[in-house]
Amino acid sequence: MKSLPPVAVTGLGMITPAGDGAGATWAAMCDGRPTAATDPELSGLPVDFSCRLPEKTDLSRGLLPRSSWRMSPVAKAAVSASYDAIADAGLNTASWDPARVAVVIGCGVGYLTQWHTQSLRLAHNGASSVSPLTMPTALANMPAGEIALALGIQGPSLVTATACASGASALMTARGLLASGQCDIVLAGGAEMAINPLSVAAFHRMGALSTRRHDVAGASRPFAPERDGFVMAEGAAVLILERAGDAVARGRRPRALLAGCAASTDAYHPTSPHPQGEGTEVALRQALADAELSPVDIDHVNAHATSTPSGDTAEATMINRVLPHHPSVTAPKGVLGHTLGAAGAIEAALTVLTIEYQLVPPTANLNGAVGEGAHLDHVVGTPRPQRISAAVSNSFGFGGHNVVLAFTSAASSG
């Protein structure tokens, strides 16, 4: 099958536990500074730490008061990241055709805190105490809907929900919209703010979370032999995607190219990955074929690596099998924790920056290439300057969802 033409990433915006803005997040990644900290809202739970957005994060910037009051924090984060991405791309929203612009946002959970809070109100105080804003704030589609409302976008407005692969699924969907000719610009990304006592208790009960309370900063430790689960996190990222020719025509040099992507399903278990990474291998090989790349062309891997024992083992096994030439590997969740539905978009943005700056951030809390994934070329300690022409970003989710995005350097494409 003929591959689709590459699309340009011309702008990006990020709001993560490492800071408000792509620059702050990139700096923390390069420093390898973990963001996990004790969370007062989780007090009394077996897991009482998480990776929250910084306290001073302004999620209402650019929003009119009449809009801000009715929006959930996850929608505000998505809108704020969109404003940053548009500014970064040098786009003028007053001059674009709103019917030719689309929004695709990955969101795995929606604003779970609203469901939790309003359920308690209903149980304790009756139906009249339930907020009339419950549905428009809690539904998972609203981050995309609110971006469209804020920016007057009239093209497709979609949400992808493939658990922790949702953000990557959004970029894959966006690429298809551009290739079909339906749109000229797509705001694609992910947003998630699902940390609350209910979600943390639920993940803990299934054995997914780290319980490293004696060393909270070191709790998220991808590929480390003593890893014991992931750390809940929140955040948002939005990337501006355009056809490469359109970007050049308006005088905008791409930050990187989304050259290929693919999705697969494990069909193995509701929450556990296939132990040999068979489904993820399909996604990786198909993404390479879509980008017209061979395995040896890949210089760098942005690993999904959540810090769970089985997940990291399966991914390491798969990477070694498909990419035996040992490209460099980094795992952002050591710094950021696991942002669930936003993770794929945040890590796609980080992969773009890695290619653009020719610099690989280290995996935090991994003190050497030991344990599972010992044969991978882990970047640890300090960032590594490296020539990177092509990189892949892996995203996997409950339900067996797998998405791999292949990015290439705009410079190497000529």
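Assuming Arg100 fulfils every condition listed in (1) surrounded by fewer than 19 Cβ atoms within 10 Å (Cβ to Cβ); (2) under 17 Å from the mean Cα position of the chain (by Cα) apart from one, which condition is it?
Looking at each condition in turn, Arg100 falls short on (2).
Would you call Gly260 of a type outside the set (Val, Ile, Thr) and touching a Gly at 6+ places or on another chain (Cβ under 7 Å)?
no
With (1) at pLDDT 95 or above; (2) on the phi < 0 side of the Ramachandran plot; (3) part of a loop (DSSP other than H, G, I, E, B) as the list, and Ser395 as the residue in question, which single condition is left unmet?
(3)
Do you know which residues across the stretch 319-329 are over 21 Å from the mean Cα position of the chain (by Cα) and assigned to a helix (DSSP H, G or I)?
Within the stretch 319-329, Asn320, Arg321, Val322 meet the criteria.
Within the stretch 293-301, is there a residue that is without any contact (Cβ under 8 Å) to a residue 60 or more places away in the chain and among the β-branched types (Val, Ile, Thr)?
Scanning the stretch 293-301 turns up at least one residue that is without any contact (Cβ under 8 Å) to a residue 60 or more places away in the chain and among the β-branched types (Val, Ile, Thr).
Would you mind stating whether Thr113 is within 26 Å of Phe396 (Cα to Cα), in contact with a His (Cβ under 6 Å, 6 or more places away or on another chain) and of a type outside the set (Asp, Glu)?
When the stated conditions are applied, Thr113 does not pass them.
Tell me the residue from Ala37, Ala77, Ala81, Ala27 that is closer than 27 Å to Thr306 by Cα, outside the structural domain of Val380 (by TED's automatic domain parsing) and in contact with a Phe, Trp or Tyr (Cβ under 8 Å, 6 or more places away or on another chain), please.
Every option except Ala37 fails the conditions.
Answer yes or no: is there a residue in the stretch 50-73 that is closer than 26 Å to Val335 by Cα, touching a Pro at 6+ places or on another chain (Cβ under 9 Å), in the same structural domain as Gly167 (by TED's automatic domain parsing) and free of Cβ contacts under 8 Å to residues at least 60 places away in the same chain.
yes
Would you point out the residue of the stretch 64-82, among those that are surrounded by 19 or more Cβ atoms within 10 Å (Cβ to Cβ) and of a type outside the set (Gly, Ala, Ser), that is nearest to the chain's Cα centre (by Cα)?
Only one residue fits best here, namely Val74.
Looking at the stretch 35-55, which of its residues are outside any strand (DSSP E or B) and in contact with a strand residue (DSSP E or B) (Cβ under 8 Å, 6 or more places away or on another chain)?
Listed by number, the residues that qualify are Thr35, Ala36, Asp39, Leu42, Val47, Asp48, Arg52, Leu53, Pro54.
Just to be sure, is Ala244 surrounded by fewer than 24 Cβ atoms within 10 Å (Cβ to Cβ), in the same structural domain as Val101 (by TED's automatic domain parsing) and out of contact with any helix residue (DSSP H, G or I) (no Cβ under 7 Å at 6 or more places or on another chain)?
Taking the combined requirement at face value, the residue satisfies it.
Restricting the first residue to the stretch 113-126 and requiring it to be over 20 Å from Met232 (Cβ atoms), which pairs with a second residue that is surrounded by 17 or more Cβ atoms within 10 Å (Cβ to Cβ) meet a Cβ separation below 9 Å and a spacing of at least six or different chains?
Gln118/Thr134; Gln118/Ala138
The values are calculated or read from the model by the stated rules, or taken from the named source; none is laboratory data. Because the structure is predicted, anything quoted here is derived from the model rather than measured. Note that each Cβ is placed from the backbone with ideal geometry, even for glycine, and that neighbours are counted across all protein chains shown.
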